[in-house]
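For reference, the structure discussed in these notes is given below.
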Amino acid sequence: MAATEIAQSRRVVTEIPGPKSLELQKRRRAAVAQGVGSTLPVYVTRAGGGIVEDIDGNALIDFGSGIAVTNVGNADRRVVERATEQLGRFTHTCFMINPYESYVEVCEALNRITPGDHEKRSILLNSGAEAVENAVKIARSATGRQAVVVFDHAYHGRTNLTMGLTAKNMPYKQGFGPFAGEIYRMPMAYAYRWPTGPDNCGPEAAAMVVEQITKQIGADNVAAVVIEPIQGEGGFIEPAPGFLPAVVEFCRANGIVFVADEVQTGFARTGHMFACEHEGIVPDLIVTAKGIAGGLPLSAVTGRAELMDAVHGGGLGGTYGGNPAACAAALGSLEAIESDGLVQRAREIGDLMLGRLREMADRYEIIGDVRGRGAMVAIELVTGQDKEPNPEALAKILAHCHARGLILLSAGTYGNVIRMLPPLAIGDELLHEGLDILAEAFEQI
């Protein structure tokens, strides 16, 4: 039976983790560096649709999608068939030595589907962090400037440069410095926690950003502004309305490259193909990864032709960037997104989940905020009306849900956000069942 034919029903037959997973966990401790963590150490044997099966025979509801990677569902037929066929022909040549058509096809597709009707170019890489780092390289090369502006609560990766771009110290930066220089951090338009209230957040935050860049850095020194259109690890923070357009306008007026980091938000996740489309933003460069290839490692930078072509020959690339099997998988994933109407499906998932979660917020005082777009939604937990973060409640809720067979993830600068990223292939019945388990958890605490 193929992974995509897995019965779409939850099944808990042992404690979670079960005995076989616990045995593998012992082997892992002896073999794998302890710095590599796992949210829920159940060892997976198959996955498909909205279900993940483990080695003990449990079937868990998937509200994580491998952190927004398996948007089209795990082991989607089109992804598997294309990647398998490619593996039978050749596994690697290095595109910089002997190129191949699928790399070109993926770049053509990205140039077509990313926002804006300007002439574009793309490059393919391996990870989101690698793509962010290359976007900064391109911006610096094209502008002749060095400074990079990022934001509070941002997450951009684990390389040295992208750790510097990332806001959260623990666990991402602690003990790993010194970091790259010429990085400047600005306030984020975090509506729920804005001191003067959510209605003032967008314009006030934008004005602060413009003032600080102008006075502290000098706009003429800024190569790029890098921002997630919805912040991921930071807690699914949606910039307050008007903030992104104002920042883009400032960038355009001052020759600054606006980089949209859509690693977590891209490929139908938010109810648009890309999250920046919600406010009509057309980035100069857009960074993608995660959902691009249905689970195979691939990332990309796509942008204005004049910027992308400003880098000297040989200045971009990497041994594995645009691996042929990953390119084939990406073409299958894009086919699934477009032919299965997954942009619209993400909106339907969002309507269902946000409706249920807002009902819970009306009942439970510890839910301070419910937010999100499409199939990228979150709950921020607080102690009460003072909005004090409540990571203790988060730990209890996750423990209950994991034990009941629901995969949930945490997020947030303060460690108090439940983030939900179900596969777009999940059915409504599993969504409701997962939300029922979450409601049980709130009732218990």
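The values are calculated or read from the model by the stated rules, or taken from the named source; none is laboratory data. Since the model is a prediction, treat every value here as computed from it, not as a measurement. Cβ coordinates were reconstructed from backbone atoms using ideal geometry, including for glycine residues, and neighbour counts include every protein chain displayed.
Brief remarks follow.
- Boolean, Q86 is more than 19 Å from E5 (Cα to Cα) and either among the acidic types (D, E) or in the same structural domain as E335 (by TED's automatic domain parsing) (or both): yes
- Of the candidates R10, R46, R27, the single residue that is more than 24 Å from L430 (Cβ to Cβ) and basic (K, R) is R27.
- Filter result for F258 (touching a Pro at 6+ places or on another chain (Cβ under 6 Å) and hydrophobic (A, V, I, L, M, F, W, C)): yes
- Taking the criterion of being assigned to a helix (DSSP H, G or I) and either closer than 19 Å to H153 by Cβ or not assigned by TED's automatic domain parsing to the domain that holds F250 (or both), the residues of the stretch 175-202 that qualify are A191, Y192, R193, P198, N200, C201, G202.
- Here L285 does not qualify as within 27 Å of L316 (Cβ to Cβ) and surrounded by fewer than 24 Cβ atoms within 10 Å (Cβ to Cβ).
- Every listed requirement among (1) surrounded by fewer than 18 Cβ atoms within 10 Å (Cβ to Cβ); (2) assigned to a helix (DSSP H, G or I); (3) free of Cβ contacts under 8 Å to residues at least 60 places away in the same chain is met by V13 save one, (2).
- If only residues of the stretch 413-441 that are among the small types (G, A, S) and assigned to a loop (DSSP other than H, G, I, E, B) are counted, the one that is surrounded by the most Cβ atoms within 10 Å (Cβ to Cβ) is A425.
- Flag if N111 is within 29 Å of G280 (Cβ to Cβ) and in contact with a strand residue (DSSP E or B) (Cβ under 8 Å, 6 or more places away or on another chain): yes
- Single residue of the stretch 34-69 satisfying the filter (small (G, A, S) and in contact with a helix residue (DSSP H, G or I) (Cβ under 7 Å, 6 or more places away or on another chain)) that is surrounded by the most Cβ atoms within 10 Å (Cβ to Cβ): G50
- 3 or more residues more than 20 Å from T143 (Cα to Cα) and not small (G, A, S): qualifying strands (runs of 3 or more DSSP E) within the stretch 208-304: none
- Residue list for the stretch 349-379, filter: free of Cβ contacts under 8 Å to residues at least 60 places away in the same chain and either crowded, with 24+ Cβ neighbours inside 10 Å or not in a strand (DSSP E or B) (or both): D351, L354, G355, R358, E359, A361, D362, E365, I379
- Residue among A139, A167, A135 that is assigned to a helix (DSSP H, G or I), within 19 Å of the chain's Cα centre (by Cα) and within 30 Å of A207 (Cα to Cα): A135
- Any hit, the stretch 402-422, residues being more than 22 Å from the chain's Cα centre (by Cα) and of a type in the set (A, V, I, L, M): yes
- Of all the criteria given as (1) free of Cβ contacts under 8 Å to residues at least 24 places away in the same chain; (2) closer than 30 Å to Q34 by Cα, the one not satisfied by P195 is (2).
- Residue ID - nearest to D261 (Cα to Cα), chosen from residues in the stretch 146-164 that are assigned to a helix (DSSP H, G or I) and not small (G, A, S): T162
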